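Contents: one structure, followed by commentary.
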Amino acid sequence: MRIWIPVFLVSAAVCSAQQTAPPIYQRYAPVDLTGNWVSVVTEDWAIRMLTPPKGDFAGLPLNAAGQKIGKEWDPAREAAGEACKFYAAPALLRIPGRLKVAWQDGGNTLRVDADAGQQTRLLHFANTTPANGEAGWQGYSAAAWEYANAFDPALAAVAPADAGAGGPPGGGRRGRPPMTRPDGGDLKVVTTYLKAGYLRKNGVPFSKDAVLTEYFNVHSDPYGTEWMVVTGIVHDPTYLAADYITSTNFKREPDSSKWTPRACAVQ
């Protein structure tokens, strides 16, 4: 006996599944950045936990123009509405504090909230250019997953559900099915459209032409603790003689009970 299933029922089920499935950026995230994180200061403790004195440029590849600006820093002047210059994207994650990371815009954007300065960064996957050309402290961040083993989310989206994670890199070669989920990777974020601000609280400058490139990785230690490591590269042809590179560590927290938002402060 043959059983006939109306085509419109099958089509409706497929459409429903497509509507409820997360967007491709969220669905094929190679690492989970969402949740609560606290910075663990293992690098440059003295200049991150304390405000360095005026003219202290240790570890910074400042050129002559950058040093000149830094030596003119006046904290009293910054207090007049410019206290958030240090909380701009190139410096924000270096400030000791906590982060909340969550998907928004239907899974097309990662929202990163920092309790330090009550700042918010939006990491955009769906677009590569901002809606408007206005610069801001957090600029415009274009995000893209970098997959290990040449994983292709476009192929995975149409692969059979039972294809698995095996097969050659990229999938679909030699008659084998494409990979249906990523096998590792990281997040690359490029931030432009920045307002001129500070790399450190003692007036070390970056210009409006600065470009911030970041790589977000997640690892687990032998004790099961999850760590997020953010490698930041600031390229600034105006004030830096070479790229300024940092590595910042965050530990995952179970909830936001220790979340302590605080306003921008000069000191």
If TRP45 satisfies every condition in (1) within 28 Å of LEU155 (Cβ to Cβ); (2) modelled with pLDDT under 90; (3) of a type in the set (Phe, Trp, Tyr) but one, which is the exception?
(1)
Name the single residue that is nearest to PRO153 (Cα to Cα) among those in the stretch 105-126 being in contact (Cβ under 8 Å) with a residue 40 or more places away in the chain and in contact with a Gly (Cβ under 8 Å, 6 or more places away or on another chain).
ASP115
Say whether the condition of being assigned to a loop (DSSP other than H, G, I, E, B), hydrophobic (A, V, I, L, M, F, W, C) and out of contact with any Lys or Arg (no Cβ under 7 Å at 6 or more places or on another chain) is met by at least one residue in the stretch 115-125.
yes
Filter result (more than 17 Å from TYR244 (Cα to Cα), out of contact with any Lys or Arg (no Cβ under 9 Å at 6 or more places or on another chain) and of a type in the set (Gly, Ala, Ser)) within the stretch 41-62:
ALA46
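Suppose the filter is touching a residue at least 12 places away in the same chain (Cβ under 8 Å), in a strand (DSSP E or B), surrounded by 16 or more Cβ atoms within 10 Å (Cβ to Cβ) and not β-branched (Val, Ile, Thr); does LEU155 pass it?
Values: touching a residue at least 12 places away in the same chain (Cβ under 8 Å): yes; in a strand (DSSP E or B): no; surrounded by 16 or more Cβ atoms within 10 Å (Cβ to Cβ): yes; not β-branched (Val, Ile, Thr): yes.
For LEU155, the condition - touching a residue at least 12 places away in the same chain (Cβ under 8 Å), in a strand (DSSP E or B), surrounded by 16 or more Cβ atoms within 10 Å (Cβ to Cβ) and not β-branched (Val, Ile, Thr) - is not met.
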Can you find even one residue in the stretch 88-98 that is buried (at least 19 other Cβ atoms within 10 Å of the Cβ), more than 24 Å from HIS219 (Cα to Cα) and either touching a Gly at 6+ places or on another chain (Cβ under 7 Å) or modelled with pLDDT of 95 or more (or both)?
yes
Name the single residue that is modelled with the highest pLDDT among those in the stretch 158-184 being crowded, with 19+ Cβ neighbours inside 10 Å and of a type outside the set (Gly, Ala, Ser).
PRO182
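Out of the residues in the stretch 71-84 that are surrounded by 13 or more Cβ atoms within 10 Å (Cβ to Cβ) and within 9 Å of GLY203 (Cβ to Cβ), which is modelled with the lowest pLDDT?
In this case the residue turns out to be GLU78.
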What are the residue pairs meeting all of these: first residue in the stretch 35-50, first residue within 13 Å of ALA116 (Cβ to Cβ), second residue crowded, with 18+ Cβ neighbours inside 10 Å and among the small types (Gly, Ala, Ser), Cβ atoms under 7 Å, and 6 or more apart or on different chains?
SER39/GLY97
Just one of the numbered conditions (1) within 14 Å of the chain's Cα centre (by Cα); (2) crowded, with 17+ Cβ neighbours inside 10 Å; (3) within 21 Å of LEU212 (Cα to Cα) is not true of GLY117; which one?
(1)
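Got a sec? Which of ALA241, ALA210 is touching a Leu at 6+ places or on another chain (Cβ under 8 Å) and over 24 Å from LEU110 (Cα atoms)?
Numbers: ALA210 fails: over 24 Å from LEU110 (Cα atoms).
The unique qualifying residue is ALA241.
The values are calculated or read from the model by the stated rules, or taken from the named source; none is laboratory data. Note that the coordinates shown come from a computational prediction; the quantities given were computed from them, not determined experimentally. So basically every Cβ, Gly included, is an ideal-geometry build from the backbone, and we count neighbours across all protein chains shown.
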